[in-house]
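Chemist: Sharing a structure, written as structure tokens. Questions coming.
Derivation of every value follows stated rules applied to the coordinates shown; laboratory data play no part. Owing to the predicted nature of the structure, the values given are computational and were not obtained by experimental measurement. Glycine also receives a Cβ, built like all others from the backbone with ideal geometry; neighbour counts cover every protein chain displayed.
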Amino acid sequence: MEPGIISLAGGNPDLTALPLNELGQAASRLISAQGAEVLQYGAGSGILPLREELAQLMSTAGVASGPEDILITAGSQLGIELVTAMLCDPGDVILAEAPTYVGAISTFMGLEVAVEHVMCDEDGLIPAELERRITELRAAGRIVKALYTIPNFNNPSGITLSAERRPIIAQICRDAGITVIEDDPYGLVRFEGEHIPAIRSFDDSVIYLGSMSKIFSPGIRIGWLTAPAAVRERLQLLSESAVIHASMLSQHLALAYLRDFDWRATLSKTIDRYRERADALLRALPAALPAGSTWTGPSGGFFVWATLPDGVSADELFDLAVEEGVVFIPGSGFFADGSGARNLRFSFSLEAPDRIREGLVRLGRATARLSSR
């Protein structure tokens, strides 16, 4: 990033509340006391004590799992790839929210799997639209294998799938013989309200993906998945063939963080910062975007999704915004079908509130220039 640029683009977690000195000491103790173990090869499923901790953590989302139900992965991005490779052949279809995570789109396309979108509203995936798309695609001779969904504080939209729709979505997919891939990296980053039960809590056939990236550190590359036993065993074989196993040192450090540190208090401090930053962004948006624009109001996560009025291009606004010294992400990358020309994603996770406000003043200047053309 060039000096002076204010970034409302990247979805990176704020790590400043982490007890870095204590974590450094913990890492040093791990190597000094258990170096022969933590620097060695390990089991493909991941270390048992970490799987035990993650099983307890998932109870927050209403998922009843034991350590035997969990596979540790080298980041949840790898989990997406493993599940896709297991479920799909080239030419098969995965359904996904409109819009959805760009990293998932890249994975699906890299494996020659087609992405077809399902419309959403302020309550997330629309069940009637899901049914319609399944029927429409199958009538056209397409093979629909899975639904990929980020139900909590979706990346990029920030929208959360309502509690009422979750069992309905699970039932629709179960009846259609379609696997649900539930990607939940942001579920614990909630600003307000109660945690909503995961889709997997309604159907044990759902493949649930979790991540340490947003509650601890993305750099350690630790994720996990929960799936039916036969599915999980196949996924473990695929994982072992790709990476053997997730880093043993990272697994032990993640275990130490969950077991020996007050990580929930640290996360709570970080969530307070995210809430303040989201509020700064939402308060400043009306003056920064063209009249007639709309945007989401997330209750957690990292993102706000905006839609510009008809005839206004997010790419053109982006170019002018860069000249003014602020960046966001144009929306087209979050669709597989070329949509999103009027959409943009803002991330509020890293910049302080005063920087966010200044960034939107700069965006307002870019908007004024665009309007005067």
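Chemist: I want to check the label-to-label distance for Arg29 and Ala242. Put each point 7 Å from Cα in the C-beta direction and report it in nm to one decimal.
Modeler: Going from the Arg29 label point to the Ala242 one covers 3.4 nm.
Chemist: Which of rounded, prolate or oblate describes region 186-262 when judged by the alpha-carbon gyration tensor and an a/c cut-off of 1.5? Before the final figure, lay out the partial values.
Modeler: Numbers: a/c = 2.43, a/b = 1.08, b/c = 2.26.
Oblate.
Chemist: A follow-up question, please. How big is Rg to Rh over region 249-373, alpha-carbon atoms, Rh as the Kirkwood inverse-mean-distance radius?
Modeler: Checking Rg against Rh, the ratio lands at 1.09.
Chemist: Let me make sure I get this right: for the chain, a, b and c are the square roots of the gyration tensor eigenvalues over alpha carbons, sorted descending. Under 1.5 in a/c it's rounded, otherwise prolate if a/b > b/c, else oblate. Which is it?
Modeler: Values: a/c = 1.90, a/b = 1.20, b/c = 1.58.
Verdict is oblate for the chain.
Chemist: In the neighborhood of Ala336, defined by Cβ-to-Cβ distances under 12 Å, what is the net charge if each Lys or Arg adds +1 and each Asp or Glu adds -1? Each step should come with its number before you reach the end.
Modeler: Numbers: positive: none; negative: Glu97, Glu116, Asp337.
Surrounding charge for Ala336 is -3.
Chemist: Hey, can you grab everything whose amide H is under 5 Å from the amide H of Val118? Only 5+ residues off in sequence or another chain; H modelled, so Pro and N-termini drop out.
Modeler: The answer is Ala96, Glu97, Ala98.
Chemist: Using the number of other C-beta atoms within 10 angstrom as an exposure proxy, rank Met86, Met212 with the fewest first.
Modeler: Going from sparsest to densest Cβ surroundings: Met86, Met212.
Chemist: Cβ under 13 Å from Arg275's Cβ, Arg275 left aside: what net charge do those residues give with Lys, Arg +1 and Asp, Glu -1?
Modeler: Neighbour charge sum, excluding Arg275 itself: 0.
Chemist: A follow-up question, please. Starting from the Kirkwood Rh over alpha-carbon pairs, what translational D in µm² s⁻¹ does region 91-181 have by Stokes-Einstein at 37 °C and 0.692 mPa s?
Modeler: 251 µm²/s
Chemist: Add +1 for every Lys or Arg and -1 for every Asp or Glu among the other residues with Cβ under 10 Å from the Cβ of Gly66, and state the total.
Modeler: Local charge sum for Gly66: -2.
Chemist: Whole angstrom only: what separates the Cα centroid of region 186-248 from the Cα centroid of region 291-333?
Modeler: If we compute the Cα centre of each part, the gap is 30 Å.
Chemist: So if we plug the beta-carbon distance of Glu37 and Thr16 into 1/(1 + (r/R0)^6) with R0 = 25 Å, what FRET efficiency do we get, rounded to 0.05?
Modeler: According to the calculation, E is roughly 0.20.
Chemist: At a Förster distance of 35 Å, what's the computed FRET efficiency of Ala230 paired with Ile168, Cβ-Cβ distance as r, to 0.05?
Modeler: Calculated value: 0.85.
Chemist: R0 = 35 Å: FRET efficiency of His195 with Met86, Cβ-based, nearest 0.05?
Modeler: 0.75
Chemist: Still on this structure, please answer the following. On average over all directions, what projected area in square nanometres does region 36-93 have, based on the convex hull of its Cα atoms?
Modeler: Approximately 5.6 nm², given one-decimal rounding.
Chemist: Can you work out the Karplus-derived ³J(HN,Hα) for every residue in region 186-196? Use 6.51 cos²θ - 1.76 cosθ + 1.60 with θ = phi - 60°, whole Hz, and x for glycine or proline.
Modeler: 10, x, 8, 8, 9, 7, 8, x, 8, 5, 9
Chemist: What ranking of Trp224, Trp295 emerges when the number of other C-beta atoms within 10 Å of each C-beta is taken as an exposure proxy, fewest first?
Modeler: Trp295, Trp224
Chemist: Using a 7 Å offset from the Cα along the Cα-to-Cβ direction at both Ala291 and Ala140, what is the distance between the two label points in nm, to one decimal?
Modeler: Going from the Ala291 label point to the Ala140 one covers 3.9 nm.
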